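Enquirer: Before I ask anything, here is the structure I am working with.
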């Protein structure tokens, strides 16, 4: 099942995407809420009701009215929180190698994450960026999950049952801002807080069963053989696979929930897949060729991320009509 959030006449709604069309869930079943957050708080009971509506529409048993005029939003437009993990060893090792640093052994000891701005979540469409964001503006190709159960001190062996679904994530990054502030051993903050893109829909785990594979040796939780790609202006710049996650979402959730609550509506990203950002690609290119032409996102660029079973997340980079610079405010 593919769950969507969308807007009509400035009002947000919850729908399902079936056979190329969007249907309003509340119109099909009055006991289903008309927004994603309330739906996720309903846990498995509301998920089962929505799945029946989905199956009845797909089979023709239910003749529902499709939505014709709408704006597609992020599937979870108002997350309770948003964390991003660091699950792909290939990306971490390459990034460290490129800056002449040894691979950090702690990566293999425990999964980590950071909190990003859950109020900067958006879906397909334009990503508006300020002038300083264009100082080495980058994409990050990831997968994310949304939770639909409240939990605390969850063990990895049970953590997958807290996942409502999967979606593509683009963890946008302003690298100059990020690298400057992280010299103070705090962050990332301003380099990451302006836009995190998720979508185009939330895909329930049952749809991914056919792609399930074993996790990496010594790890616990579901893993999936999902090809991940990113194109910029029609040119493929990144390719990887979700099965390359060293730390599973179950293990990341276990750490997130240690000593604190995780909530329905929480969004958790995987971290960047290997080759999944210009920072890594540029570093590798320069390591092999000092004349390598580096690339960063520019105004007007079309960024398209595609993940098997999860769809295509498409965005256009837009420059804000402003000349305000916080980089220019640095004290000498």
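Enquirer: Springs between alpha-carbon atoms under 10 Å, Gaussian network over the chain: tell me which of 234, 191, 199 tops the mean-square fluctuations.
Expert: The residue that fluctuates most here is 234.
Enquirer: Could you work out the relative contact order of the stretch 166-226, using alpha carbon pairs under 8 angstrom and six or more residues apart, expressed as a whole percent? Each step should come with its number before you reach the end.
Expert: Working: 68 pairs, mean separation 19.2, N = 61.
Relative contact order comes out at 31 percent.
Enquirer: While we're looking at this one, here's another question. Report the Cα-based extents of the stretch 12-164 along its three principal axes, largest first, to the nearest Å.
Expert: 60, 43, 26
Enquirer: Can you put 252, 124 in order of Cβ neighbours within 10 angstrom, beginning with the fewest?
Expert: In order of increasing Cβ crowding within 10 Å: 124, 252.
Enquirer: Of 36, 179, 47, which has the largest mean-square fluctuation in a 10 Å C-alpha GNM of the chain?
Expert: Answer for the Gaussian network model of the chain: 179.
Enquirer: Let me ask you something else. For the stretch 2-72, compute Rh as the Kirkwood radius over C-alpha pairs and then the Stokes-Einstein diffusion coefficient at 4 °C and 1.567 mPa s; write the answer in µm²/s, rounded to an integer.
Expert: On the way: Rh = 12.0 Å.
This corresponds to a translational diffusion coefficient of 108 µm²/s.
Enquirer: Also, I was wondering about something else. Ratio of the stretch 39-99's C-alpha Rg to 2.2 N^0.38 Å, to two decimals?
Expert: Working: Rg = 19.8 Å, N = 61, 2.2 N^0.38 = 10.5 Å.
Expressed relative to 2.2 N^0.38 Å, the Cα Rg reads 1.89.
Enquirer: Another question, then. Taking just the alpha carbons, could you work out the radius of gyration and Dmax for the chain, both in angstroms?
Expert: Expressed in Å, the Cα Rg and Dmax of the chain come to 19.9, 70.
Enquirer: Further, regarding this structure: Have a look at 279, 137, 186 and tell me which one the Gaussian network model of the chain (Cα, springs below 10 Å) gives the largest fluctuation.
Expert: The residue that fluctuates most here is 186.
Enquirer: Could I ask something else about it? Find how many whole Å separate the alpha carbon centroid of the stretch 116-132 from the alpha carbon centroid of the stretch 141-203.
Expert: 14 Å
Enquirer: Relative contact order, percent, of the chain when contacts are C-alpha pairs under 8 Å separated by at least 6 residues?
Expert: On the way: 791 pairs, mean separation 76.6, N = 332.
Dividing the mean separation by the residue count of the chain yields 23 percent.
Read-outs throughout are calculated quantities, based only on the coordinates presented, and are distinct from any laboratory measurement. Owing to the predicted nature of the structure, the values given are computational and were not obtained by experimental measurement. We place every Cβ from the backbone using ideal geometry, glycine too, and count neighbours over all the protein chains shown.
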